[in-house]
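Okay, structure first, notes after.
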Amino acid sequence: MTRLFFVTIAALSCLFSCSENDDMPLDAPDSSGQFTRTLSHNGVTRTYILYVPDSYNETSNVPLMLNFHGFGQRADRYLRFADMRSLADSGSFILVYPQGTLLDGNPHWNAGLESDTNKSDADDFGFVEALIDEISSNYRIDPARVYSCGFSNGAFFSYALACYHSDKIAAIGSVAGTMMVETFNNCSPSHPTAMINIHGTSDAYVPYGGGRGLKSIDDVLAYWTDFNNTGATPTVNRITDGATTIERHFYAEGDKNTSVEHYKVINGGHVWFDIGYDGANTSALIWNFVSRYDVNGFR
């Protein structure tokens, strides 16, 4: 993660800390099946929120979804608007909201490889591997169905996991995020990887057209459609949800029947979108997409 990236993303801090989601009480009791747990990694005590659906039992392996917050955010607050708990109940998967470590006082995810220009030294890739191992030691996790998604910096990190640690990740989702130039130039997944991207055309912090060390959404789509060898021409559908216009771009028939899906939110900003598409909100769009795949492709 380059210094330029942190100069860019640091502007998001007030956006998150001043959002209406942060006004919610922090000491609300955990719901049934929800736990706050710690994990020591690399000499640092890390925290994560774990949600286990009532349907879970020890007779069969279940999927695992990792959902990463944005820069400057807290996992407990982020969970409240990027909520996938009802989906975990209906889809019978275990859900995790990890907490990033502090960088200049702001929680973050280190999505960059070790280099002289990387301002962060957090071993987040190692933390995620240790986290998957710990959860798998306590619950029956299907190792072929571990998914990653995130918002903004959390989405950058999900792309990096797919690029650098694809042996652990089956498919990914991105909301208001993109690939850093460094990640884009060094990406080498070990298997076809389905990807869903939801992005607003008026995002002022992670611009749709890229810039400031960030790739454009068109470049990101081109990378994943080329890597997965999907059809070059997407199926495009356009709907209006209230006052919001959404275009769905779907690239199909990739290797191992993978696909790439993009929701283009016209005039949308830098948010976890409160939208509906065919009855599915942002969380459901992501889960409904990634859950169709495992590390071997379409299930």
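Give me a count of the residues in the range 81-99 that are of a type outside the set (S, T, N, Q), touching a residue at least 40 places away in the same chain (Cβ under 8 Å) and open to solvent by 10 Å² or more (accessible area, probe 1.4 Å).
Number of matching residues: 5.
When you scan the range 230-285, how many residues do you find that are in contact (Cβ under 8 Å) with a residue 60 or more places away in the chain and out of contact with any helix residue (DSSP H, G or I) (no Cβ under 9 Å at 6 or more places or on another chain)?
Selection size over the range 230-285: 7.
Checking Asn138 against (1) open to solvent by 10 Å² or more (accessible area, probe 1.4 Å); (2) under 17 Å from the mean Cα position of the chain (by Cα); (3) not charged (D, E, K, R), which single condition isn't satisfied?
(2) is the only condition that Asn138 fails.
Somewhere in the range 131-144, is a residue of a type in the set (A, V, I, L, M, F, W, C) and touching a Gly at 6+ places or on another chain (Cβ under 9 Å)?
no
Considering the range 146-165 alone, what residues qualify as being open to solvent by 30 Å² or more (accessible area, probe 1.4 Å) and either outside any helix (DSSP H, G or I) or without any contact (Cβ under 8 Å) to a residue 12 or more places away in the chain (or both)?
Passing the criteria: only His165.
Hey, Val206 hits all of (1) assigned to a loop (DSSP other than H, G, I, E, B); (2) within 23 Å of Met65 (Cβ to Cβ); (3) without any contact (Cβ under 8 Å) to a residue 40 or more places away in the chain but one; which does it fall short on?
(3)
Only residues in the range 181-193 that are under 14 Å from Ser115 (Cα atoms) and assigned to a loop (DSSP other than H, G, I, E, B) count as the first member; pair them with residues that are modelled with pLDDT under 95 and open to solvent by less than 20 Å² (accessible area, probe 1.4 Å), Cβ under 6 angstrom, at least 6 apart or cross-chain, and list the lot.
none
For the range 260-267, state whether one or more residues are buried (at least 19 other Cβ atoms within 10 Å of the Cβ) and of a type in the set (Asp, Glu). Spell out how you get there, then give the answer.
Kept after step one, since they are buried (at least 19 other Cβ atoms within 10 Å of the Cβ), are these residues of the range 260-267: 260-265.
Applying the additional criterion that residues be of a type in the set (Asp, Glu) yields 261.
Among the residues of the range 260-267, at least one is buried (at least 19 other Cβ atoms within 10 Å of the Cβ) and of a type in the set (Asp, Glu), which makes the answer yes.
Might you check whether a residue that is among the charged types (D, E, K, R) and surrounded by 15 or more Cβ atoms within 10 Å (Cβ to Cβ) occurs anywhere in the range 217-232?
From the range 217-232, those among the charged types (D, E, K, R) are 218-219, 226; that's our starting set.
Keeping just the survivors that are surrounded by 15 or more Cβ atoms within 10 Å (Cβ to Cβ) gives 219.
Within the range 217-232 (the criterion being among the charged types (D, E, K, R) and surrounded by 15 or more Cβ atoms within 10 Å (Cβ to Cβ)), the answer is yes, since at least one residue qualifies.
From the list Ile286, Ile246, which one is open to solvent by less than 10 Å² (accessible area, probe 1.4 Å) and either assigned to a strand (DSSP E or B) or in contact with a Lys or Arg (Cβ under 7 Å, 6 or more places away or on another chain) (or both)? Write out each step before concluding.
On the way: Ile286 fails: either assigned to a strand (DSSP E or B) or in contact with a Lys or Arg (Cβ under 7 Å, 6 or more places away or on another chain) (or both).
Checking each option against the conditions leaves just Ile246.
Exactly one of (1) open to solvent by less than 40 Å² (accessible area, probe 1.4 Å); (2) farther than 27 Å from Tyr78 by Cα is unmet by Pro207. Its number?
(2)
Determine which single condition Lys256 fails, assuming it passes every other condition in (1) under 17 Å from Ala155 (Cα atoms); (2) in contact with a strand residue (DSSP E or B) (Cβ under 9 Å, 6 or more places away or on another chain); (3) assigned to a helix (DSSP H, G or I); (4) not hydroxyl-bearing (Ser, Thr, Tyr).
So Lys256 meets the others, but not (1).
Looking at Ile196, is it part of a loop (DSSP other than H, G, I, E, B) and within 26 Å of Phe125 (Cβ to Cβ)?
So Ile196 does not fit the description; no.
The values are calculated or read from the model by the stated rules, or taken from the named source; none is laboratory data. Please read all numbers here as calculations on a predicted model, not as lab measurements. Cβ coordinates were reconstructed from backbone atoms using ideal geometry, including for glycine residues, and neighbour counts include every protein chain displayed. We work out accessible area using only protein heavy atoms, side chains counted, and drop any ligands, DNA or RNA first. Shrake-Rupley method; radii C 1.70, N 1.55, O 1.52, S 1.80 Å.
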